[in-house]
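A short reminder: the numbers here are calculations on the coordinates, not readings from a lab. All figures in this text were calculated on a predicted structure; none of them were measured in a lab. Backbone-built Cβ (ideal geometry, glycine too); neighbour counts: all protein chains shown.
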Amino acid sequence: MIDVVDHGRIRELRLARPPVNALDPDLIAALRGALAKAVGAACEAIVLSGAPGRFSGGLDVPALLQLDRAGIHQTWTNFFGLMRDLAASPVPTVAAITGHSPAGGMVLAIFTDYRVLAEGPYVVGLNEVQVGLQLPAVVLRGLTFVVGERQAARMATGGLLLAPAEALRYGLVDELAPLEQVVPRALAWATETIARPRVAMTATRQRARRPLVDAFDQLGDESLVTMVDNWFSPEPQATLRALAARLKKPSA
């Protein structure tokens, strides 16, 4: 589910769960494990990438709809843990967004340090509201950290999906590149960052990202219970099941 490619001191973790790198419990666990191994192997930066044209389709809705309350609670626990792993990573992380990245895919990207998006007919954004889900407070905090309060409120409330130029304009991504240059540009940013004086860079980076880590550390189990309750409430269930039905069609 994760292809590992080492580029000297930088490790690329390439999502490899066809057809769209949808995040199911197994992929979430695999990515958490791969991040931990990269840090344990003394990699100095991590690039998270996807397949050409598709970074991640977000959470695997059809798979998650099969889970009971305990299963959904565990999935949310692990997904929040994955977000925290990225936010608190001791080494710089870069999202090489190689195509479409709605919802959960973009959630992962906003908790990295830097985002390079492919130019082309792709959309990115947090469209949870469009499928009947409330955006968790900690995810809204991450979006606000990236784009500021006004734009975060606009994007989250509208469940907006943005084309590359608009995503760059509003700061949701940091750079655009031709598809074949997305990973090289992510590697270039990582290389430049780890070339800075190590102690100064690491300490300053940790201070700058501390609000993100604090947001996760202040979460209680009641937040997860709220997410589970929202998942099983009538509006999201109706919307998500309609989405799952559409995804089963060949044209989807």
(request) Quickly estimate the mean residue ellipticity at 222 nm for the chain, helices only: each DSSP H run with n ≥ 4 gives -39500 (n - 2.57), and the total goes over all residues, rounded to 500. (result) -16000 deg cm²/dmol
(request) Mind checking the full-extension length gain between residue 180 and residue 119? Use 0.36 nm per residue of separation minus the Cα-Cα distance, one decimal, nm. (result) 21.0 nm
(message) Of the candidates 67, 117, 126, which one comes out as most mobile in a Gaussian network treatment of the chain with C-alpha springs shorter than 10 Å?
(response) 67
(message) Can you give the longest run of the chain that contains no trypsin sites (Lys or Arg not before Pro) sitting in a DSSP loop with at most 13 other Cβ atoms inside 10 Å?
(response) 10-247
(request) Go ahead and set up a Gaussian network model of the chain, Cα springs under 10 Å, then flag whichever of 238, 34, 195 fluctuates most. (result) 195
(message) Just to verify a number: FRET efficiency for residue 246 and residue 4, C-beta to C-beta distance, R0 = 41 Å, to 0.05?
(response) 0.75
(message) Less than 13 Å Cβ to Cβ from residue 134, Lys/Arg counted +1 and Asp/Glu -1: what total charge do the surrounding residues give?
(response) -3
(request) With label points built 7 Å along Cα→Cβ from the Cα atoms of residue 218 and residue 239, find their separation and express it in nm. (result) 2.6
(request) Kindly state, to the nearest 0.05, the FRET efficiency for residue 65 paired with residue 210, given R0 = 51 Å and r defined as their beta-carbon distance. (result) 0.90
(message) 7 Å from Cα along Cα→Cβ at both residue 78 and residue 200: what's the point-to-point distance in nm?
(response) 4.2
(message) For a quick check, take a GNM of the chain with Cα springs below 10 Å and name the residue from 106, 227, 83 with the largest mean-square fluctuation.
(response) 227
